[in-house]
Amino acid sequence: MPRPQRNAARRPARRAADNDGHADARTDGQQGRRAPLPSVGEGGKDSAARVLLQQGRARPLWFGHPWVYANAIDRVEGDAGPGDIVSLLDHDGRFIGRGLYNPRSQIPVRLCTRKDEPVDAAFIRARLGRARALRARLGLPSPATDAYRLVNSEGDDLPGLVVDVYGDAAVVQVTTLGWSQRRAEIFDALEAELQPSPKTIFEVSPAGYADLEGFAASARVARGASRVSVPALEDGIRLEVEPLSGQKTGMFIDQRETRIRVGQLARGARVLDCYAYAGGFALQAARAGAASVTAVDSSSRAVARIEAHAAANGATINAVEADAFRFLETATPRSFDLIVIDPPKFARARKDLEAARKGYERLNALALAAAAPGAVLVTCSCSQNVDAETFERIVAAGAKQAGRELRIFERRGPGGDHPIPPGFVEGQYLKVLLTYVA
Ligand code: SAH
């Protein structure tokens, strides 16, 4: 029986290339991708221009929301070029904050401060310092974990900037024109703020955003020693991260805490890690003393990476190159005690919602069919368009389809190194349900 919805779900859509938060709002309504503009290059200035909001549109911004949508703007006073810093005011001229300006974006202003202060090299350095202080508070880095997110875009008041640290390297991902014009200041600040200074600074700025914002995409060693991979540790597990050829900045750091949690639940279990990428869940399970560990990914590169990681950690993992749907369809029913499904985004934009819903439902039903009585199913969605409540309903529908009962015993999201401002729903993307299968 043809199931067209599976094709939509199977499309090898990558997870959002950056802080997933701004992917959807950004691409919605911008479906026809514009031709890339010539790179604007360095030199965004700290302008005196003022952006005034329409009547009644300031409330979320007063309460900490960092984005101004194009349709909320009343007028721009003064001279502001793409990438400049502007001041944001409400309709009555009250100062709200300052941020990056890009008139070609659906989100022309992204706030980075609530103070009337310059946004310059010293500002970037101070924001990095604050970002580092939060991570230090969370115990990052530690002797066991030196792979962590140092800068999480809006959550660190640097909208469109992600910095992931892997051991002695930093990987910078820029998705807004303003920061692309200030890359030198960002690299300087990283070298000053991280001690010792990173041996390599990589830049991976994906084309999708670069085209939308009007700068040149980039995947390169920006500073320091040239290399293709960097050793890193996550909870004592050895990883080799390839920033220039991997997805995102090279790893999915957002799932670290859940990978550790899975390790705690894996002892003696027959474990299946679907959409395994670098094998993070599988490696945790193997170390915890799982009875067997199978990791599935459709990418041959991922399978090679998982095998290398298994060898480096003395773990036995059966790494399988397969489409996860296909693998689950042919798996022995009720044969796994712990199953993780962590697929790429199914809903990239609102128009994909229905296909995504069906895809998630079917995937969860298939996983449940493979789950033994008493199993734990860890089910994830990183589609920002599918909110937490909707995702729970979809999982419930999957259970019904499979004729199984399940209980949610834990709800999780990204780790603490992925902060977001309160009320910034666009930044809430990753949902993880830990469920017990009767
Ligand atoms: N669980 C991983 C992250 C998963 S990212 C971690 O903890 O690091 C999503 C992964 O799904 C990618 O590695 C991608 O190659 C893989 N993938 C995409 N489509 C797939 C499909 N149809 N079947 C199996 N794997 C798929």
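Here are some notes:
- When E193 is tested against (1) surrounded by 24 or more Cβ atoms within 10 Å (Cβ to Cβ); (2) within 16 Å of A126 (Cβ to Cβ), exactly one condition is not met: (1).
- Filtered residues of segment 282-309 (kept if within 19 Å of T258 (Cα to Cα) and among the aliphatic types (A, V, I, L, M)): A282, L283, A285, A286, A288, A290, V293, A295, V296, I306
- Selection within segment 85-128 - under 20 Å from A210 (Cα atoms), outside any loop (DSSP other than H, G, I, E, B) and not β-branched (V, I, T): G99, L100, Y101, R110, L111, C112
- Test: residue in segment 246-261 that is open to solvent by less than 10 Å² (accessible area, probe 1.4 Å), near the ligand (Cβ under 9 Å from one of its atoms) and aromatic (F, W, Y): no
- Segment 68-88, subset open to solvent by 10 Å² or more (accessible area, probe 1.4 Å) and in contact with a Phe, Trp or Tyr (Cβ under 9 Å, 6 or more places away or on another chain), residue nearest to Q181 (Cα to Cα): P82
- For segment 382-433, a residue qualifies if it is part of a helix (DSSP H, G or I) and of a type in the set (F, W, Y), and exactly one does: F391.
- Hits in segment 262-281 (condition: surrounded by fewer than 24 Cβ atoms within 10 Å (Cβ to Cβ) and more than 9 Å from the ligand (Cβ to nearest atom)): G263, Q264, L265, R267, G268, A269, R270
- Filter pass, R334 being of a type outside the set (F, W, Y), open to solvent by 50 Å² or more (accessible area, probe 1.4 Å), more than 8 Å from the ligand (Cβ to nearest atom) and in contact with a Gly (Cβ under 8 Å, 6 or more places away or on another chain): no
- Entry remark, segment 282-299: residues being open to solvent by 10 Å² or more (accessible area, probe 1.4 Å) and near the ligand (Cβ under 7 Å from one of its atoms) number 3 in total.
- Hits in segment 48-67 (condition: farther than 23 Å from I420 by Cβ, open to solvent by 70 Å² or more (accessible area, probe 1.4 Å) and either in contact with a Gly (Cβ under 9 Å, 6 or more places away or on another chain) or modelled with pLDDT under 95 (or both)): A48, R50
- Of the set (1) within 14 Å of the ligand (Cβ to nearest atom); (2) open to solvent by 20 Å² or more (accessible area, probe 1.4 Å); (3) within 17 Å of A266 (Cα to Cα), all apply to D342 but (2).
- Residue check for D164: in contact (Cβ under 8 Å) with a residue 12 or more places away in the chain, open to solvent by 10 Å² or more (accessible area, probe 1.4 Å) and among the acidic types (D, E): no
- Within segment 98-118, the set of residues being touching a Cys at 6+ places or on another chain (Cβ under 9 Å) and either free of Cβ contacts under 8 Å to residues at least 40 places away in the same chain or farther than 19 Å from I73 by Cβ (or both) comprises R98 only.
The values are calculated or read from the model by the stated rules, or taken from the named source; none is laboratory data. This one's a predicted model, so the numbers in the text were calculated from it and none came from an experiment. Neighbour counts run over all protein chains shown; Cβ positions are idealised from the backbone, glycine included. Accessible surface is based on the protein model in full, side chains and every heavy atom, while ligands, DNA and RNA are left aside. Shrake-Rupley method; radii C 1.70, N 1.55, O 1.52, S 1.80 Å.
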